[in-house]
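Here is the structure we will look at, set down as structure tokens.
Values in this text are rule-based calculations from the coordinates and carry no lab data. The structure displayed is predicted, hence computed values, not measured ones. Here the Cβ is made from the backbone with ideal geometry for all residues, glycine too, and neighbour counts use every protein chain on show.
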Amino acid sequence: MLWPLLVQDPRETRRHRRLPVLLIGALSLLALGGGCKSKGSVTISLELPATDELNPMTDPRLESFSLIVSDEDGLVQKINTVPFTPGQRELRIGELPVGSFGRLTLVGYSDTNQVLAFGEASPLSVAAWEDLFISLPLRKPYSYIAGGEAVLVFDTTRAHSADVVSPIELNSPGQTAAAVATMPDGRYVLAAVGDREQPASSNLLVFNTGQHSEAFRVPLNYSPDYLSVSHDGRWAIISATDASRITVVDMDQLLGGTDPVLTTRDIVFAAPRRAAFVRSPEGQDLAVILRDPLAINEPCETSTTRSSLSVIDLPEGNLLNTTNFDRGLADIASRPDDSRIFVADPCPAQISAFETDTYQTQALANVQVPRSLIAAGSTLWIGSWDESADVGTTAARIVIYKLELESPTPTQVIATPFLQEGYVLRWDDSSSSKVVLRANPRLVSVYHLSVPPGSSRISALVYAQYYGDYRSNPITDKLPNISEVVYNSFSYVGLDTGSGEIRRRYRGLCWAEINRMLDPVYCCEDLELFEGPRCNLGDFLPTGATSLFGVP
Amino acid sequence: MRKLLFAAILLPSVASAGSAAHARRRAIAVLEFRQGVSAFPGFADRMAKRLRHLTGLRVLGPTDARQRLGDQVDKFVAECQGQPRCVGAIGRRLRVSEVILVGMSSLGDVVIQISRVRVRDRRVLRSLGHTAPVGARLSRAKLDGLLRRLMPRRDFIRYGFIRIRSNRRGALVLLNDKKRGLTPLPGPIRVRAPSAHRVRVKKPGYVDFSADLRVPPDATVTVNAVLPPIPKAVTPFYKKWWFWTVIASSVVTVVGVTTGIMLTVGKKPESVPAVIRW
């Protein structure tokens, strides 16, 4: 068919003689090109933080790296582990299988298998004949704690107060970070920041985890209380109990550079608190809002709280259903690719599953007074409430349970007596003439949990109430006006999930009541102080915790 | 060269969109009632003005509403006390599909409550609250932000029309390299606006027409594509000897590459090496 066209003009016959020459040349080049084709490769380029303090590669404890390839369902397909020597600038980490995968995870370990560095990239497609370049943010597995005029940063792998990481300054005078959350890719940490005196100046601040510097700012017209990010990082929900509303933020749009004001949608709700995200069986993104939960220190016996769960669809924000309960709920949690919400239901002492399609609740397991809850894979971590039977001899404990969803029986993984506090009767800087009245905690409630990657550590926010009865104490003779002392303290606690040991404790707000009256002058004396201000009458009340690459 | 030569034949004319297009635009009214608040004078009129600017909606402000229903309209709105059923009835008389009701009260600060009421079923579609100190000024950016939260996103998408005519019947019309039919087209083509587009009109035996144009919102740009016959002396490029030589070489190249790879490389590897760099 081509040939008649090529030769149709006899005057151009001479030119057509060039054709065979061109064809032979092309074929020769092709044979060469084909012969040079080589096997593909994968180059992982690490995105590292700008400062040594944040950079995980400068940690002298790093001993090895593992590269883990998982499929779309999260099942591990291959793990390559190689030793690491400080000073290296390149690491050959073995062969990766050809194919499409859901996630690539890079983990740096110490000699005791502590996770010191973590990073993820997804999804990826490894080809046999092509070179693949992947950019992977690698970070230290920090926990971020909200509650003060800065976001506190804790290296969960460190046990000593000497290893303090610089906090993230909010640069918003007078404002407090009420809640924090991290993006699943580890690039950003979000803080809901507000001022109850001037609610209109509140913001959602998005910080780059590579520099701990502000990257985005979304104005809010109310003082926020809680913040959640969906498992895929697409949505963030900020809730404000006083303002009776939630704000849904389209994180894709925000991080993509859209005007922040255009990325939000407000929904009016009475008393919203925690939000959890699920995907319905039809693939619809849903959010469930826990409304009117139990207060941190509210016991079941005297509670009049009635909670409810509201289901809204995203992105429209339509309210699909509200289910009311005849009792107070404490917390909710969810996990990716599961349409159920897990509910901490302390007053019947159980963990339940709430179906987001039928709006029915089903009991999963009996757990002693669950007050906080998170879901990590197929495991539920449950923070509990413990009271001392005899405060004179026994301290109330931090109690944390673990519930595997396949098994109906929870395991108590941590039951550690909590630390003593003391009340300073006389304080004189110039001498050691002070009298400290020691007290055991009579009540400990774990009101928030966060699990860093690897699950060898757990971050808990803990409320403790101490009681001291000094009526029969010899000191009473000298100071007859002192009889009963009650302290209320709030702490961030880093726990070892293997031994149950308290590895870190940062005590925030603590106040004392003497003879049932608030004492504004003296402060609690932390007798086994790990970190935190020694005398703290109200500048830091830990209200939220999150772990980079962990849950939530 | 030909494009340049015939660029002068493009006769764009911008006019208001036709009545059919106009009929598709939703009509809304912005009404206001105040509970003893004199701050933010003309707020609803300002809001209506911004809505006209940002959206393709037909917007009636309080002034327009007074012209239609008389000065009593403010009294009617005040008597409604924000009740959607009552506000919807006013919207029905104004022949709009939605009413945006701006309520202002004072509780220390000025509290501005804005509700969108659908006239058909008197349903509140969305409600926003905003507080501002007395004497403050609501910036245009803030007002725009409120409107964007209040109205659905699709309302902020505006359209224009391109009407394409040609002196040749059966000429293929391409808009941004996408086929849109043969001339004469049944009507103008709706496009997002403001926007830029490339129009091409071609027919075998005639010189292609090409033009770049910008479409403003709610307007129609008319393009008269004149396609003169190709002069006979001109040989089409596909009859040139070099054209088919290049085609043949390309085909052989592709076949050769595939064959070369198949012969020289052989079995596909199951894994590839990985390296981490920083």
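The table for this structure:
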{"quantity": "B:I247-A:S122 FRET efficiency (beta carbon distance; Förster radius 60 Å; 0.05 resolution)", "calculated": "0.90"}
{"quantity": "Ordering of A:503-512, A:282-291 by burial proxy (mean other Cβ atoms within 10 Å per residue, highest first)", "calculated": "A:503-512, A:282-291"}
{"quantity": "Per-selection Rg to Rh, segment B:31-141 - Cα, Kirkwood hydrodynamic radius", "calculated": "0.94"}
{"quantity": "For segment A:79-143 versus segment B:35-98, the gap between their alpha-carbon centres in whole angstrom", "calculated": "61"}
{"quantity": "Peptide ranges A:378-384, A:205-211, A:444-450 listed from the most packed, as the mean C-beta count within 10 angstrom indicates", "calculated": "A:444-450, A:378-384, A:205-211"}
{"quantity": "In order through segment A:205-220: 3J(HN,Hα) via Karplus (6.51 cos²θ - 1.76 cosθ + 1.60), integer Hz, x for Gly, Pro", "calculated": "9, 10, 10, 6, 6, x, 9, 6, 10, 6, 10, 9, 9, 10, x, 10"}
{"quantity": "Placed amide H near B:V37: partners under 5 Å, 5+ positions off or other chain", "calculated": "none"}
{"quantity": "Listed peptides A:185-195, B:93-103, A:314-324 by packing density, highest first (mean Cβ within 10 Å)", "calculated": "A:185-195, B:93-103, A:314-324"}
{"quantity": "Modelled FRET efficiency - R0 56 Å, B:V134 with B:R165, Cβ distances, 0.05 increments", "calculated": "0.45"}
{"quantity": "Segment B:183-188 - phi-based ³J(HN,Hα) in whole Hz, Karplus 6.51/-1.76/1.60, Gly and Pro as x", "calculated": "6, x, 6, x, x, x"}
{"quantity": "Cβ charges +1 (Lys, Arg) and -1 (Asp, Glu), total dipole of segment B:158-225, debye", "calculated": "180"}
{"quantity": "Rh by Kirkwood over Cα pairs, then Stokes-Einstein D for segment B:158-225 at 1.002 mPa s and 20 °C, µm²/s", "calculated": "181"}
{"quantity": "Unit charges on C-beta of K, R, D, E only; dipole of segment A:230-339, Debye", "calculated": "240"}
{"quantity": "Residue-wise HN-Hα coupling along segment B:44-51, computed from phi with Karplus coefficients 6.51, -1.76, 1.60 (Hz; x: Gly, Pro)", "calculated": "5, 4, 5, 5, 4, 5, 5, 5"}
{"quantity": "Linear extension gain, B:Q113 paired with B:L213, 0.36 nm per residue minus alpha-carbon span", "calculated": "31.7 nm"}
{"quantity": "Cα-based equivalent ellipsoid of segment B:109-174: semi-axis lengths in Å, sorted from largest, via gyration tensor", "calculated": "43, 18, 8"}
{"quantity": "Charge dipole (debye, nearest 20) of segment A:208-286; +1 at Cβ of Lys and Arg, -1 at Cβ of Asp and Glu", "calculated": "180"}
{"quantity": "Partner chain coverage, peptide B:241-253 - average Cβ within 10 angstrom", "calculated": "5"}
{"quantity": "Estimated distance in nm for a label pair at A:T302 and A:D469, the labels positioned 7 Å out from Cα along Cα-to-Cβ", "calculated": "1.7"}
{"quantity": "Aspartates and glutamates whose Cα lies under 16 Å from that of B:K203, excluding same-chain neighbours fewer than 8 positions away", "calculated": "B:D177"}
{"quantity": "Solvent-free Debye scattering, log10 I(q)/I(0), computed from the Cα coordinates of segment B:119-213 at q = 0.13 Å⁻¹", "calculated": "-0.66"}
{"quantity": "Dipole-positive endmost among B:L182, B:G160, B:P216 within segment B:158-225 (Cβ charges, Cα centre)", "calculated": "B:L182"}
{"quantity": "Amide H within-cut-off set for A:I398, under 5 Å, with H built and near neighbours excluded", "calculated": "A:T416, A:F418"}
{"quantity": "Inter-chain shielding of B:66-79 (mean C-beta neighbours from other protein chains, 10 Å cut-off)", "calculated": "0"}
{"quantity": "Contour minus Cα-Cα distance for A:S100 and A:R438 (0.36 nm per residue)", "calculated": "115.7 nm"}
{"quantity": "Whether segment A:175-280 is rounded, prolate or oblate, judged on the alpha carbon gyration tensor where a/c under 1.5 counts as rounded", "calculated": "oblate"}
{"quantity": "Cut-off under 5 Å, modelled amide H: who pairs with A:N321 long-range", "calculated": "A:V311"}
{"quantity": "Given B:K49/B:K179; B:K179/B:K239; A:K140/B:K142; B:K49/B:K75; B:K179/B:K240; A:K140/B:K268, the pairs whose alpha carbons are separated by over 29 Å", "calculated": "B:K49/B:K179; A:K140/B:K142; A:K140/B:K268"}
